[in-house]
Every structure is written in structure tokens, then in C-alpha cells.
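The values are calculated or read from the model by the stated rules, or taken from the named source; none is laboratory data. It should be emphasised that the depicted structure is a prediction, and the values quoted were computed from it without experimental measurement. Virtual Cβ from ideal backbone geometry, glycine too; neighbours counted across all protein chains shown. To get the accessible areas, we keep the full protein, side chains included, count just its heavy atoms, and leave off ligands, DNA and RNA. Shrake-Rupley method; radii C 1.70, N 1.55, O 1.52, S 1.80 Å.
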Amino acid sequence: MYVLRRLPSLLATLFAVSLLTFLMTSLLPGDPALQILGAENATPEAIAEVRAELGLDDPLPVRYLAWIGDALTGDFGRSYRTSEPVAEAIIDRLPVTAEVGILAIIIALLVAIPVGMLSAYRAGTRTDKIISSTSFGLLAVPNFMVAIFLILIFSVTLGILPATGWVNFTDDPVQNLRSALLPALSLAIAEMAVYTRLLRTDMIATLQQDFVTMARVKGVSNRRILFRHALRPSSFSLMTVAGVQVGAIIGGSVVIETLFALPGVGRLLLDSVVQRDLLMVQGVALVIAVSYVVVNFTVDILYSYLDPRISHGRSAARV
Amino acid sequence: MRSSSQPGSRWLRPGRAVVSAGIVGLLMATAACGSDGGGGDGEEGAVVDVSETGDPVDGGEIVVGLEAETNSWLPGTANFGNPGYNVAYAIYDPLMKRTPEGEPQPYLAESMEPNAELTVWTLTLRPDVVFHDGTPLNAQALKTIWDTYLVAPGSNLAANLAEVQSLDVVDDLTVTYTLKAPNAAFPDLLTDPAGWPFSPTAAAAAGPDAGSSPVGTGPFRFVSWQRDSQLVVEKNEDYWQEGLPHLDRITFRPIPDEDTRVSSLQSGDIDAMQSLRQSTVARAREIDGVDNYEFLGNNSGGSNFNTSRPPFDDVRVRRALALALDQEALIEVLGGTGLTPPSTQFFGPEDPFYSEEAAEAWPTNRPDEAQELYDEYVNDPARSDGKAVGDPVSFTYTCPPDPSLNELSQLYQSFWNGLGMDVQLEQVEQAAYTQQAIARDYDAGCTRHGAARDPYYVFQRAFTPGPINVTEFSDPRIDEALATMRGSADVEERKAAAEQISLVLAEEVPVTFTGGTLTVVAVRDVVKNVDGWVFPDGSEGNGTPDGTAMWGHVWTTE
């Protein structure tokens, strides 16, 4: 029922996203016809011919309806630049971005959960202060700097991980993981810091609640209190933010995929914007936006599962 | 292996006329000569710093890192930049290729001869050459490629090839190119994608996907391509040149980030790489176990002035703008100090068409003279910009957003504001900038002068009416010299004509220059013979122009 209640707003969001994506790419200065023809061939007649062929002179609403109509049937058109079908290009590249992104989130959570809990458990001590200041430090370092640093250590100096050279999972799972590790780590560092900070704050609050005191009184071990009693109620903000941070990971992938020469969606988007490959930009932006909306929608659903009060219409704040 | 300590392992190789980076380079204010802080403690000019070559070894495979991906591999559709040329030379053979003297000589073609009027060029193919799919390379194949792809509507080569009236089959191995007017420079066009035969049967079968499964006659067959990841080629066992290629397999990987590409070479993830960045050239010189094949071609950074707009319609202003510049300071900002000399013309100092006289005539770094010319203009009651006497000249200088170009623009601004001008800076993204330039909707802006072709084509496109005469500059003396270059195959006569144009440009200054662009193919020292390619008749090739190698001639000792 909760899912059904949220569906109309999801659809409205997706419609708005598609419209904004289309409008923004249409407003980009720089003529795609010029990019296709090349400057030498760019006589006014040739430009007019290409523009007419691509329907670029049609009014915006007509172009939008034509594009979204085809997109709804899965036809995103063919790239102006490479003439490959847009949908095919995205499907080819999505697994790379998704793998690196998911790996980044897993790494970030694997580090952040124990560290954040430790920080909360030892709140105010030297351990907590070291963890907090390290987190702030890591938050302040841009991911491309982290990437260059990691390449220098793990590729150039130690020679244990490749700096570039993506290997598909289907070709060699082990090499695939090796090629995904440094990019994922570069994206994970900042996420790690965000997650650690959040979990620490929420957990400090949880640890002061009555049921935790009760558990302590009953002689339940610290480990059990932290993992079994305190973690779940402390992870709501973490989850919401992890959903929102998917946007940061996708944004980061534009930079990281270019740095590590990965054949992902982020790099495709960047190249397509630069080359004014409008259909590709629209297709990629739409798919990214839809993934983002769907991930956050899923987080909402999970949230209601973790905290049953939500699906019953009572937010935690009102309790 | 810094070679300064090993003088025996270094020699200067003349950089000659180069493979085209595309005349689009004229518009591309790319940061090719830019830098983010490259050093410059090495030797100026092209340096080939390599270990002992030894005897050829067959077998093995290498990975080559390229600075960009290419959109397609089909001539007519593909925009081949320097990275794309590297792949293309593995899969395709050029009909013609340039000699160290800058003259096109038959490579895949057996001969290329003009009639007396230079209007009909007869090209004869070698017998028994087949494409990788078994289709024979014959006259009919050339005609099909020409008519169906190269000059078809929508081909990005159509404008370049418009001077050809028809390509006709004479016999099985002979075709004629009939031109609309005489042109001694015509064979030069066949060194570029228009002269890279691809299998017409394979292209027809692949339809719109022909650009992703190239079939040529080259030393390597195409195996697979994952865009933005890797393109794999393997040895063509039936290659028409005996004993070639040496390698079994090459993987080309586009790695756009300069730092990561160099790191990948350092860590051994890749065996070879190319770069046009001065900072990378400097950095590659410092890496142990790496051989550097550098080339100082004709590419140079610089500025365009829109002479159709005041005040750039007045030569006094244009000369003042050039005279105010300290080129060494501009080169320093671009990270080319100690690597590249100041440019004075469309040719590098090692090009056969380079003119000493034009180099001396080029107006530069005489601020007093600049001030005099500027004052004369602003105090002229008939000044072309219609402003009151004494008012400063004002204009906008446009550049794409790039850290080094940004710094460069600020330096220009300070030189010109020093004369009393009011210069505004504007950053416009590359695609929009190209559009502005084509529409002549700009005052002045940065550019790359890419004179990487026969001088006739370079000057004809840059300074006669057409889309890429972005300065809107023309001059009867240039037209006259162009007519000479079209009508004469005599090298000395053509050199004199090119010099005449360079002198006109030094006098009229529709453009200015910064410094040349040094390029490099850097390889792990197990990769050999990168610049040692030869023509099928055994005569010497032109090395690694603009960071492009003939990979069929390369071997590895590993």
C-alpha cells in the first residue's frame, strides 16, 4: 500500500526529470550539426541540411514529444557522434558504473559502520577525536586527488593494482575486481567519512535511550548491545544519506571514470556533452536521473521496513 | 635514462612535414600545447632519446595508451585525431605517405603520376593486395569507396574532396582522379583518411555499424572494440609487405588523463603512449626505462583576429597586438620553456617550407613600436572603430576553459592592457567557441595553428573564403602564391610561394603565434623501432610525426 501511495509522486518526478533533461540539453550553446560536419564542411547550406535531417529546427515541444515518445518504447535514437544506438551504449556501460559505485558503497559501509560505532561508543575520548578529525580531513579531499594518490601508491610504487585497463567481469572476475578496486576506493573515501560521521551522531543518541540502559542493566554484552540493539535504530539517517549520496557517486564517476579510463556511463556523459551529442546526453542523463529517483524510492521503502511506524503513517518525529 | 648523461644515445632527428591533425586544428584552441606546470630543463626541440634498437624480433604483444577515443573507424564518418591515426595505421595502409622531405610518396599505391596540366592524377595499385576479409583491393574497390562513402552527402571529407570532379576506373589496378582545376598538392590528400582504403564489401554488409568493425589492408586485423576501454588488433598473416608486421597483437587503450597515462606507462600497465602535452613530454623524459620519440611538427598555439570587425580591420592594431607580446613569457605559461621555440609562421623550424626570412620579419616583443602604432590608431580621427580620438581600443578575447589557456589569456590581457587597451576575457566552451568562430561572432581568441598538410591546403583553407577562414583575412598576394603552388610541382618554386605567404602574414598579422607543440611517443625500452618505419621500396619514412607511429614496423624484445 505504501508503495502504491508513493507511485504518483514517483511518476511526476520522472516526468519532470525528463523535461528538464531535454530542456537543459537543448539550451546548451554549440550546434550539434557543426560537430557532425566538422568545421571544414560547415557551410551554411550543409548545416541547414543536417539540422533539418535531425529535426533540430522543429519547435521544442514537438522535439520533446517525439523524443519522449520513442524513449518510452526504449528507443533513445542513435548517437550523432558514433551512430551507435543510445540505449545500447548505455546498457554496455551501465554495469561498469554500477559495479564501481556499488563496490564503493560496500567499501564505505564496511569501514564506516565499525568505525562510526567505535567513535560513538568512545565518544569524547582520544579515539573519537582521531576518528572525527580524520573523517573531516577525508571529506575535504576531492576524489581526483585521492585517485592520483592511490595510483601513485598502489600502481606506480607497489605495482600491485593496475592504474588503468578495465577487464569485464565475464572475461575474468578476479582481474575485473582488481581493475575496479582503485576507482571504487577513490569514490569510497569521502562516502566513508560521511557515513562515519552520521552513524556516530545517531548512535550516540541511541546509546542514551532507555532500552540501551535496560540492556546494560540486564548484563547484555557491549558487542551485543551495539550490533543487535543500537545499530538498527541508529541507521535511518545513514540509509537515507546513502541513498542521496548515490547522486554524489554518479557525479564522482564522471571524474573517476575519466581518470581511470573506465568505459562507464560517467565518461560517456562527459564526452557526449563536450561533443554536443545531444541524444546521447539526453539518454544518459535520463537514465542516471531515473536510477537516482528509483534508488531513493527504494530507500524510502526500506526505511518503512526498518521502522514500521513509517508505513503506518507515523513518522519517528511524532512519536 | 636522461640522455644528457648519455650523449651517445641521443641524436636530433629532423621533424618534417607531418601527418594532418586535421585543419580543424585551426579552430581548436585545445590545450595541446598547454601545461599544468610542466618543467623545461631539457633540450629545446625534438629529441629522440632511445636505447639500442637491435635486430627485429617477431612475436609478442604490446598495449598502447592513447589520449582519446575515436568516434568511428570509417573514413568519411570518423574524426581521426592523432590518437586515431595510431590505430588507423595498424588497420589501414595509406595510399600515400610523406617522406622526411615532406613530399607525398606512394605507400600502398604503387605509383601516382599527374598529366602535364596537373589536372588528371593516375594512381596505380599494387597487384595481389587483399583486404582482411579477402576482398581484392582493385580499382573498382577504390571507386566504390570514393562514390559511396567519401564524397557522399554527410561525409566529413566531402568538402576536402570537392576539387575532384570524378574518380574513374582505367583498368583493374588503375584509377584516375580528374580535378576541376590543376593542383600539384593533390596527392597530399591521399595521405589522410581519403587515402585509406577499406573493404567496400565489409562496409556495405555492416551498414550503419561499419565504423565499429574496420576492415583494411593494413598490417593488423581488427579483432574487437569496447568503446572507451580497448581496441584489439592481431597480426595480419597475409600482409602484402614481406616480413611485416613483427608484433602478434596490439591493444590500444584510450586513457584521457595525462597523469594516469604516464603512471600506467611507469607501472607497466601499458607499453607505449602518445602525448601532445608539453608537461607530459617533459615528464616522460624523466622516467627510467622509457624511450622517447619526440617530434616538433608544425602545430603551434596562437591567436586569431577577426579582421571583419573593427579595430582588427586596421593593420596598425594587429601589428601592435603582436609587437606587444613576449613570446617566451607566453611559452613559459604553457609549460614549454626549454622544450619549444617561439613560432613565427605556420611551419616548424625543421619543416621544408619554413622560411628564415619570414621568421626574421615576424613582429614580436618590441613594445615601444607597439605603443607607437597603437597611439597612432587611437589618435586617428578616421579610426575604424568609430570611437572618439584618444579613447582606448576595447575588445573581448575568447578562449575555451582550460587552466593553462586561462593563464595564457590573462598574460595576453596584461600585455595589451599595458598599451592602454581595454581587453575583456571570456571563456567559452569548445563546441560553442567553434560555432562562434564559424559564425565570425568573436573579436579575438586563442587557437592552434595546425599547418600539418601541404602548404597549399593549409593556406587555401585558412585565407580564402570558406567556413574556416575564421580571421576573414585574404590578400591578392596570397591568392597569387596559392595559384603558383597549385600550378607547379617544382619544390623550390612552391617553397618560394609559401615563403611569400608567410611574409604577407608577418606584415598583415591576422594571427599571432606562441610556441610550437612538441609531441612524443614514449615507450618502455623493450619496444623498438618506433620511428624506424620505411616505405615499401626501402626509403626512409618520416618517423613519428605528431605522436603517431607506424606500428607494423615496431617490435618488442619482451
Q) Got a sec? Which of B:128, B:168, B:133 is open to solvent by 50 Å² or more (accessible area, probe 1.4 Å), in a strand (DSSP E or B) and farther than 23 Å from residue A:39 by Cα? A) B:168
Q: Answer with yes or no whether residue A:53 is assigned to a helix (DSSP H, G or I), open to solvent by less than 60 Å² (accessible area, probe 1.4 Å), within 14 Å of another protein chain (Cβ to nearest Cβ) and not hydroxyl-bearing (Ser, Thr, Tyr).
A: no
Q) Within the group B:303, B:279, B:275, which residue is among the polar types (S, T, N, Q), within 30 Å of residue B:471 (Cβ to Cβ), at pLDDT below 95 and open to solvent by less than 10 Å² (accessible area, probe 1.4 Å)? A) B:275
Q | Candidate set: region B:364-376, residues that are more than 25 Å from the chain's Cα centre (by Cα) and not in a helix (DSSP H, G or I); chosen: the one farthest from residue B:303 (Cα to Cα) | A | B:366
**Q.** residue B:202 vs. criteria outside any strand (DSSP E or B) and open to solvent by 40 Å² or more (accessible area, probe 1.4 Å)
**A.** no
Q) Hey, among B:423, B:389, which residue is without any contact (Cβ under 8 Å) to a residue 12 or more places away in the chain and not in a helix (DSSP H, G or I)? A) B:389
Q. What is the residue count in region A:116-134 for residues that are assigned to a helix (DSSP H, G or I) and open to solvent by 50 Å² or more (accessible area, probe 1.4 Å)?
A. 7
Q: Would you mind stating whether residue B:269 is within 13 Å of chain A (Cβ to nearest Cβ), open to solvent by 30 Å² or more (accessible area, probe 1.4 Å), touching an Asp or Glu at 6+ places or on another chain (Cβ under 8 Å) and farther than 30 Å from residue B:537 by Cα?
A: no
Q.
Among the residues in region A:37-46, are any within 12 Å of another protein chain (Cβ to nearest Cβ), open to solvent by less than 30 Å² (accessible area, probe 1.4 Å) and under 20 Å from the mean Cα position of the chain (by Cα)?
A. no
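Yes/no matrix, rows are residues, columns are (1) open to solvent by 50 Å² or more (accessible area, probe 1.4 Å); (2) part of a strand (DSSP E or B):
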| residue | (1), (2) |
| --- | --- |
| B:473 | no, no |
| B:482 | no, no |
| B:493 | yes, no |
| B:515 | no, yes |
| B:519 | no, yes |
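Quick grid of which residues meet (1) among the aliphatic types (A, V, I, L, M); (2) open to solvent by 40 Å² or more (accessible area, probe 1.4 Å); (3) modelled with pLDDT of 95 or more:
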site: B:16; (1), (2), (3): no, yes, no
site: B:21; (1), (2), (3): yes, no, no
site: B:36; (1), (2), (3): no, yes, no
site: B:47; (1), (2), (3): yes, no, no
site: B:58; (1), (2), (3): no, yes, yes
site: B:63; (1), (2), (3): yes, no, yes
site: B:81; (1), (2), (3): no, no, no
site: B:85; (1), (2), (3): no, no, yes
Q) Mind checking whether some residue in region B:218-231 is β-branched (Val, Ile, Thr) and in contact (Cβ under 8 Å) with a residue 60 or more places away in the chain? A) no
Q | Output for region A:265-278, where each listed residue is open to solvent by less than 40 Å² (accessible area, probe 1.4 Å) and more than 8 Å from every other protein chain (Cβ to nearest Cβ) | A | A:265, A:266, A:269, A:272, A:277, A:278
Q: Scan region B:429-463 for residues that are open to solvent by 30 Å² or more (accessible area, probe 1.4 Å), over 12 Å from residue A:39 (Cβ atoms) and part of a helix (DSSP H, G or I) and jot them down.
A: B:460
Q | Unique match (being part of a loop (DSSP other than H, G, I, E, B) and at pLDDT below 95) among B:351, B:313, B:259 | A | B:351
(Q) Looking at A:152, A:158, A:94, can you tell me which residue is within 14 Å of another protein chain (Cβ to nearest Cβ) and surrounded by fewer than 14 Cβ atoms within 10 Å (Cβ to Cβ)? (A) A:158
(Q) Of everything in region B:277-325, what is among the aliphatic types (A, V, I, L, M) and under 18 Å from residue B:365 (Cβ atoms)? Give them in sequence order. (A) B:317, B:320, B:321, B:322, B:323, B:324, B:325
Q) Looking only at region A:72-115, which residues are part of a loop (DSSP other than H, G, I, E, B) and not hydroxyl-bearing (Ser, Thr, Tyr)? A) A:74, A:75, A:76, A:77, A:81, A:84
Q) Taking interchain pairs and intrachain pairs at least six residues apart, which have beta carbon atoms under 6 angstrom, with the first residue in region A:164-181 and more than 12 Å from chain B (Cβ to nearest Cβ) and the second assigned to a helix (DSSP H, G or I)? A) A:169/A:176; A:180/A:99; A:180/A:100; A:180/A:103
Q) Given the residues A:123, A:140, which is the only one that is more than 14 Å from chain B (Cβ to nearest Cβ), farther than 25 Å from residue A:248 by Cα and at pLDDT below 95? A) A:123
**Q.** Per-region count, region A:114-134, residues over 29 Å from the mean Cα position of the chain (by Cα) and under 13 Å from residue A:230 (Cβ atoms)
**A.** 2
Q) Of all residues in region A:236-264, which are within 11 Å of the chain's Cα centre (by Cα) and either polar (S, T, N, Q) or away from chain B (no Cβ under 14 Å) (or both)? A) A:242, A:243, A:244, A:245, A:246, A:247, A:248, A:249, A:250, A:251, A:252, A:253
Q. What is the residue count in region B:346-379 for residues that are open to solvent by 40 Å² or more (accessible area, probe 1.4 Å) and free of Cβ contacts under 8 Å to residues at least 60 places away in the same chain?
A. 12
